[in-house]
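Since the structure comes first, as C-alpha cells, the remarks are kept for the end.
The values are calculated or read from the model by the stated rules, or taken from the named source; none is laboratory data. Values in this document were obtained by computation on a predicted structure and should not be read as measured data. Here the Cβ positions follow ideal geometry from the backbone for every residue, glycine too, while neighbour counts run over all protein chains shown. The protein model used for the area step is the full one, side chains on, heavy atoms only, and it has no ligands, DNA or RNA in it. Shrake-Rupley method; radii C 1.70, N 1.55, O 1.52, S 1.80 Å.
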Amino acid sequence: MTATTELVLRLLVELAPEIDPATIDVDRELLEQVDLDSMDFLNLMESVAAETGVEVPERDYPLVASIAALAAYTDTHRG
C-alpha cells in the first residue's frame, strides 16, 4: 500500500469513523463498500486536496471511484 493510499484511507476514516479500514478493499469502488452520501464524498475530496494540494474536478470523479484510484490520481497530479 502506498503512502498516498494510506493517507486517503486515514482521511476516509476521519470523515466516517464507523468505517473499519481493515474491511476496505482499496481497489474496489468505494461507494459499493461503504455508505457515503454525496456530501461525505465531497468532504473526502476536500480533505485530500487540503492534505496534498491536488484538487479533483467533478468531471474526474468517475476516475477516482476507489481509494487506490484516488491515490494514483493524486500522485499523478501532484506538482
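Residues in segment 19-51 that are open to solvent by less than 80 Å² (accessible area, probe 1.4 Å), under 11 Å from the mean Cα position of the chain (by Cα) and among the aliphatic types (A, V, I, L, M): Val26, Leu30, Leu42, Leu44, Met45, Val48, Ala49. Pairs linking a residue in segment 12-24 that is under 16 Å from Met1 (Cα atoms) to a residue that is basic (Lys, Arg), with Cβ atoms under 9 Å and 6 or more positions apart or on different chains, are Pro21/Arg10.
For every residue, the table says whether it meets (1) in a helix (DSSP H, G or I); (2) open to solvent by 50 Å² or more (accessible area, probe 1.4 Å); (3) aliphatic (A, V, I, L, M); (4) in contact with a Lys or Arg (Cβ under 6 Å, 6 or more places away or on another chain).
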position: Val13; (1), (2), (3), (4): yes, no, yes, no
position: Pro17; (1), (2), (3), (4): no, yes, no, no
position: Val54; (1), (2), (3), (4): no, no, yes, yes
position: Asp60; (1), (2), (3), (4): yes, no, no, no
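Filtered by the rule that a residue be modelled with pLDDT of 95 or more, open to solvent by 20 Å² or more (accessible area, probe 1.4 Å) and either of a type in the set (Ser, Thr, Tyr) or not in a helix (DSSP H, G or I) (or both), segment 66-79 gives Tyr73, Thr76. Scanning for something within 17 Å of Met1 (Cβ to Cβ), part of a loop (DSSP other than H, G, I, E, B) and at pLDDT 95 or above, does segment 27-34 turn up at least one residue? Yes, segment 27-34 has at least one match.
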